[in-house]
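The values are calculated or read from the model by the stated rules, or taken from the named source; none is laboratory data. Model, not experiment: these values are computed from the prediction. Glycine gets a Cβ as well: all are built from the backbone with ideal geometry, and neighbour counts include every protein chain shown. Just so you know, the surface numbers come from the protein's heavy atoms only, side chains and all, with ligands and any DNA or RNA stripped out. Shrake-Rupley method; radii C 1.70, N 1.55, O 1.52, S 1.80 Å.
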Amino acid sequence: GLPAALPPPPPLPLELTILYNSLLFTMGSSDSAIKGEAEEIHQGLLRVLEACGACGQDLSTEELWHKVLQEVTEEKLQAPLHQLGALQAAWWLAAGRLGSATGLFRLLSSAEDPGRAHCNDGENELLSLLKAWRVPAEGPSLPLVQSAEDLKEILCTAAAFLQGLQALEAGNFPTALSLIQEAAGGFCSKRVLAQIYTCLGCCAQRMGKPQTALQHLKRALQVDFQCLPALSHAAAVYQELGETDAELQALTLLYKAVEKTPPAATSSSPWFLIQTELLVHTPTLASLLRHRHPSEVKYLLAQRCLQDGRVADAVEHYLDLLALFQEGLQQQVPLDGDSALPRIPEVFLEAASALEQAGRHQDAITVCEEVISRTTDLIPRMSRVEERLEQSECLSPGTGLAGGLLSQKKESLCCLAWRAAGYLHLGWVWLPSQRAVLKLLCPPTYRCLGDLLRVQLYGSGVESTESLLPEVEVLQKIRLLSLIGRGAQFLELGRHKEALLDFQHGLQISPDDPAAASYLVQALWKLNRKQEAAAHWQKFSQSPPGEDGQQKAQGRPFPLYLVSCLKQAMFPDSASLGGSIQDYLGTTSRDISS
């Protein structure tokens with residue numbers, strides 16, 4: 001009738017070894033298990049103190065490790081405690097707590113040999129402590145599912161990689177390069193090694209060493225051909241080097257790869273439960289290894305072809321991209337902030353620009369009309385916008401409402417710019433047509449100017465563009481191009497006075513614009529106001545050349561969809577007009593002298 005006798009508890013070393021093995025399975029089976037605190041290790045350390053007659057209930061995990069390693073000196077417990085210590089270090093490395101891991105290995109080293117608990121000047125302390133840490137021999141009681149020696153190698157690789165990424169984010173590129181190279185020589189799978197070489201390539205690129213960067217990126221692809229971020233970074237390096245053919249080839253290969261369903265990632269060392277990839281997952285690494293969406297890569301192809309003057313290829317890529325959008329924007333447009341895609345109306349406008357340059361005018365008109373129809377209803381009345389602007393100046397930034405109103409204002413300006421740019425492109429598309437249809441240029445141009453004149457953000461006179469929003473600068477440029485385009489057509493139609501007014505208004509917007517200035521001189525010349533024309537010509541000729549006003553403002557490039565209009569707005573007959581004025585000045589000078 002007596003109850004069965006309870007079995008005696010297992011020896012403490014065996015209990016700690018069982019805990020070590022069970023945690024290895026838990027950590028290796030899921031990424032989520034390695035986040036947070038290692039509560040099981042904390043309880044295991046309390047169990048050790050309890051067995052030794054001590055207490056540590058109110059201590060943190062770091063304080064608990066310090067107490068255990070300082071007070072527990074039993075020889076049989078050293079190996080299990082060091083094994084648990086390595087597992088604790090893995091947990092802390094995964095959480096980014098490098099300082100806690102360093103302190104732990106400082107304790108482990110001092111527990112073995114107090115004279116070795118330091119590193120030489122210039123050495124990385126965590127790596128030095130890890131390398132100097134002597135892993136105790138495994139006990140005969142129970143085998144380990146992953147030896148502490150293997151875990152040590154993985155910890156060394158992860159520690160070097162993590163600290164290298166930290167240095168890379170901080171801009172300390174020499175240190176980053178040294179630490180990541182250290183990780184490349186460590187113990188990891190092929191997939192992680194390819195990621196390490198990709199990071200080395202990015203570091204070399206930021207150090208201004210593009211050829212070295214390409215070597216690392218090629219090495220990453222040799223190690224793992226599925227490391228597509230390396231191909232993406234290689235395309236960026238080729239662009240930096242000006243090797244457009246190689247850049248487009250890399251982007252083409254990237255697009256072919258990303259449009260297919262990627263195979264499941266496999267590890268080259270499946271017998272290890274704890275691997276480097278479980279310990280290294282930082283925002284910096286995620287940013288460097290970000291996979292491009294197919295629509296992003298297709299856009300980069302289209303954009304780079306258009307920028308390089310490969311209009312036919314650009315048209316094909318833009319049309320493919322618009323077809324992708326038809327499948328559903330939610331599936332085709334990445335939602336993160338690092339996307340290479342601009343706003344969708346800008347993609348349409350760039351496509352219209354490419355179609356226009358390729359001579360596909362009707363297709364360009366269709367695309368522009370789509371942009372206009374989609375954005376018209378999104379533009380609020382300017383009275384409401386002005387009222388909100390006045391309110392936002394009076395609101396406290398801390399309320400967050402001022403920022404929201406500013407964002408609404410910017411969005412309204414963006415919609416206004418897209419609609420105006422659509423009309424601008426319609427005007428330039430109709431520009432090469434015969435005189436019989438030149439009247440069609442006026443409605444879109446007038447609408448464009450009407451849109452821009454609704455935005456009363458400039459005040460009286462010309463304001464400094466330093467205080468203007470980028471959206472307002474774009475609107476100003478569109479207004480200038482509209483005035484130049486309409487004025488040029490007035491000149492063609494012989495309506496010289498109306499042309500002169502447009503060019504004068506254009507110079508009020510941009511006093512240093514060479515195209516508007518040259519057209520103004522030509523209009524005065526055609527009105528037989530030759531003396532005024534010569535005076536303006538001399539004034540503009542003597543003024544120092546400013547920054548590239550046709551392409552940039554305040555260091556910011558204008559949108560790609562305006563580049564073709566900027567080129568068309570350039571004055572075509574500067575040499576001829578200048579020669580006529582020089583002849584006139586020479587004749588006038590001789591008449592005065594005689």
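Listed values, structure above:
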| item | result |
| --- | --- |
| Residue under evaluation Ala236, criteria (1) touching a residue at least 12 places away in the same chain (Cβ under 8 Å); (2) aliphatic (A, V, I, L, M); (3) touching a helix residue (DSSP H, G or I) at 6+ places or on another chain (Cβ under 6 Å), criterion not met | (3) |
| Identity of the residue in segment 342-375, in a loop (DSSP other than H, G, I, E, B) and closer than 19 Å to Val311 by Cα, that ends up nearest to the chain's Cα centre (by Cα) | Ala358 |
| Filter result (assigned to a helix (DSSP H, G or I), open to solvent by 20 Å² or more (accessible area, probe 1.4 Å) and either modelled with pLDDT of 80 or more or of a type in the set (A, V, I, L, M, F, W, C) (or both)) within segment 323-338 | Ala323, Leu324, Gln326, Leu329 |
| Sole exception among (1) buried (at least 20 other Cβ atoms within 10 Å of the Cβ); (2) touching a Phe, Trp or Tyr at 6+ places or on another chain (Cβ under 9 Å) for Gln489, by number | (2) |
| Subset of segment 501-519 (residues that are of a type in the set (A, V, I, L, M) and open to solvent by 10 Å² or more (accessible area, probe 1.4 Å)) | Leu501, Leu507, Ile509 |
| Pairs, first without any contact (Cβ under 8 Å) to a residue 60 or more places away in the chain and open to solvent by less than 10 Å² (accessible area, probe 1.4 Å) in segment 272-296, second of a type in the set (Ser, Thr, Tyr) and not in a helix (DSSP H, G or I), C-beta under 8 Å, six or more apart | Glu296/Ser339 |
| Residues (under 25 Å from Ala499 (Cβ atoms) and modelled with pLDDT of 85 or more) located in segment 541-571 | Leu562, Val563, Ser564, Cys565, Leu566, Lys567, Gln568, Ala569, Met570, Phe571 |
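This table checks each residue for (1) modelled with pLDDT under 85; (2) surrounded by 15 or more Cβ atoms within 10 Å (Cβ to Cβ); (3) touching a Phe, Trp or Tyr at 6+ places or on another chain (Cβ under 9 Å); (4) farther than 25 Å from Gln146 by Cβ.
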residue: Gly1; (1), (2), (3), (4): yes, no, no, yes
residue: Gln43; (1), (2), (3), (4): no, no, no, no
residue: Gly53; (1), (2), (3), (4): yes, no, no, yes
residue: Gly56; (1), (2), (3), (4): yes, yes, no, yes
residue: Lys67; (1), (2), (3), (4): no, yes, no, yes
